[in-house]
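The values are calculated or read from the model by the stated rules, or taken from the named source; none is laboratory data. What you see is a predicted model, and the numbers here were worked out from it, not measured in a lab. Cβ: placed from backbone, ideal geometry, glycine included. Neighbour counts: every protein chain shown. The accessibility values were calculated without ligands, DNA or RNA, using every heavy atom of the protein model including side chains. Shrake-Rupley method; radii C 1.70, N 1.55, O 1.52, S 1.80 Å.
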Amino acid sequence: MDESSAVKLSLDNITIVPQLRGRFLKSLGKVEAGKTRLRNPATRWLPWFDTFAGDVFRQFAFLGIVRSGDEWVINLRAISDPDVLFREERDSSGDICFRETSWDAPPVEADLKVHVKPASAKIDDHSFTGFTYWFEYSSPNIPIHRIVDRQTWELGGHLKGNTLCLRNWLTPPRVRLSRETAYSTVGLDKWAKLLPGNLWARWSLLPSFDMQYGPDGILIAWFDHVSLIRTVVETAQGEDALRVLDMHLFEQSKSVTTNPKTILWCPDNIADTAALNLWTRLVDQEHEKSRRQFGLEPESTPAIVFSHNVWTNMRFGSTYEHAVDVASEFGADFVFIDPVWEHQQALREELDAAIPPEHQTDTILAKFWHQNMCVTLDFAVAEIMGGESGLKALCDRAASKGIRIISWMATHCSPNSALQLKKDLCRGKAGIFAARESGRHPDSGYPASCWTLNLNTPVAEYITDRILDVCRRT
């Protein structure tokens, strides 16, 4: 099929040239700032989205480009691929399901618009120019729940010589890129084999902005506001592209507009130290933007926190005394202790106190797998640790030395928690637990241990009241 270029979009010194294949959009195409390429057009830049029923949209008929003032709109007709076997919605076991339609069924269609407008910014002495873009979806009868923005960004149109600056859990914060680079923000899933480590959320373990720098300048990107965007950034050996997959998630809707993303370029060449300073400015800017959105007061000077977690045999009367003394000597503000709740570690210790372990051997009691302090049963202070009175005494002793006691809420529960039997706390098929698309299968990285609670159910108010009441009383 013949390939061609659509109308060139001119946005001050930025040009975007969408690529066509016949009557379809192949890619949003080439992006240049003057004569500097901002991406390698060999990899397509194209959105992707689907429905719970399994309609997959990755083909877009090109309907034309219109301009209104300084904004360009690329009009597309999204056409589904009927030859998809599985649907997104799973059954009660979590297994994948075949679609309930023929692979020869006619495709379904929906409207998609790509909006683009010029943008600029000045950060310290660096002047940036670029553009802001977003997707607008609409259909009279097809709701969707996500749009994946499949992009690549490479200063100069290649990886060589560029440095990625991206602070993420267990991946290097600064990486020099080349065709030989293997990099992924999915590192934890590959290395630790423990937590769900694939689609980290922006404004969480992934930063809310992108940044790279090299011989062709500086390239940064950010979003207009905080929203639910889960992202993967990666490249494989042999590739000459840095893939950025931003998955915009939302409630099912027949009309959706994604959070606008701004791409900015500056021709300045900067060294590593200057890049770190710029990265710090971006962090400050994004924090301020988030605080404005949610009406949060500016943060005070970070507190000094000493942590003492022992996992087993925690006792409020003895375990944390040394930590409090040392924290006080150093002028700290807080001591962070193990979870105080009724959890599976407390259950095990209660059982051992009632029935000595040697009497449990070769009985049914020895066949139960007791898990750890992370696995909450209920949000009451564990009596085996000293109960509320013991916790209050610890807090009082610490306060007399200028120290406050903090812990973590552990707002997830054991699948064996009796809280799920309290019907007034439940909603839907999964009760108090967050569930996957089936409404039954737990949405958890610890399938046998910690089940995420659904904070859109009455259990959220129950937890809030219990935790805050304990805080007030202790």
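For this structure, a couple of remarks:
- Identified option (computed log10 I(q)/I(0) by the Debye sum over Cα atoms at q = 0.07 Å⁻¹; candidates (i) -0.65; (ii) -0.50; (iii) -0.38): (ii)
- Taking Lys and Arg as +1 and Asp and Glu as -1, the other residues whose beta-carbon sits under 10 Å from that of PRO118 total -2.
- Label sites at ILE65 and SER204, each approximated as a point 7 angstrom past Cα along Cα to Cβ, lie 3.6 nm apart.
- Seen against the Cα atoms of the chain and their longest principal axis, helix 344-354 is set at about 20 degrees.
- Annotation: peptides 168-175, 61-68, ranked by per-residue average of other Cβ atoms within 10 Å with the highest first, follow the order 168-175, 61-68.
- When the surface is traced with a 1.4 Å probe over the full set of protein chains, SER80 keeps roughly 10 Å² accessible.
- Net charge of the neighbourhood of LEU365, taken over other residues with C-beta under 14 Å away and scored Lys/Arg +1, Asp/Glu -1, is -3.
- Rounded to the nearest 20 debye, the dipole size of segment 95-213 about its Cα centre is 540 debye, using +1 on the Cβ of Lys and Arg and -1 on the Cβ of Asp and Glu.
- Accessible surface computed residue by residue for the chain, with neighbouring protein chains in place and a 1.4 Å probe, gives 50 Å² per residue.
- Just the protein heavy atoms count here, and of the accessible area of the chain at 1.4 Å, carbon and sulfur take up 53 percent.
- Per-peptide average of other Cβ atoms within 10 Å, ordering 302-311, 219-228 highest first: 219-228, 302-311
- Candidates per chymotrypsin sites (Phe, Trp or Tyr not before Pro) in segment 74-120, loop by DSSP, up to 16 other Cβ within 10 Å: TRP103
- Within straight-line reach of LYS401, meaning a Cα separation under 24 Å, sit the following lysines at least 8 residues removed in sequence or on another chain: LYS392.
- With the charge dipole of the chain set up from +1 on Lys and Arg Cβ and -1 on Asp and Glu Cβ about the Cα centre, the Cα lying farthest toward the positive end among the listed residues PRO302, ILE403, SER318 is that of PRO302.
- Only one residue of PHE24, PHE131, VAL283 has its Cα farthest out toward the positive end of the dipole of the chain, where Lys and Arg carry +1 and Asp and Glu -1 on Cβ, and that residue is PHE24.
- Scalar couplings 3J(HN,Hα) for segment 392-405, obtained by applying the Karplus form with A = 6.51, B = -1.76, C = 1.60 to θ = phi - 60°, are 5, 4, 4, 4, 5, 4, 5, 4, 5, 10, x, 10, 10, 9 Hz; x denotes Gly and Pro.
- Across LYS113/LYS261; LYS254/LYS289; LYS8/LYS254; LYS113/LYS254; LYS117/LYS160; LYS8/LYS35, pairs whose alpha-carbon gap is larger than 19 Å: LYS254/LYS289; LYS8/LYS254; LYS117/LYS160
- Dipole magnitude for the chain: computed about the Cα centre from +1 point charges on Lys and Arg Cβ and -1 point charges on Asp and Glu Cβ, it is near 1020 debye.
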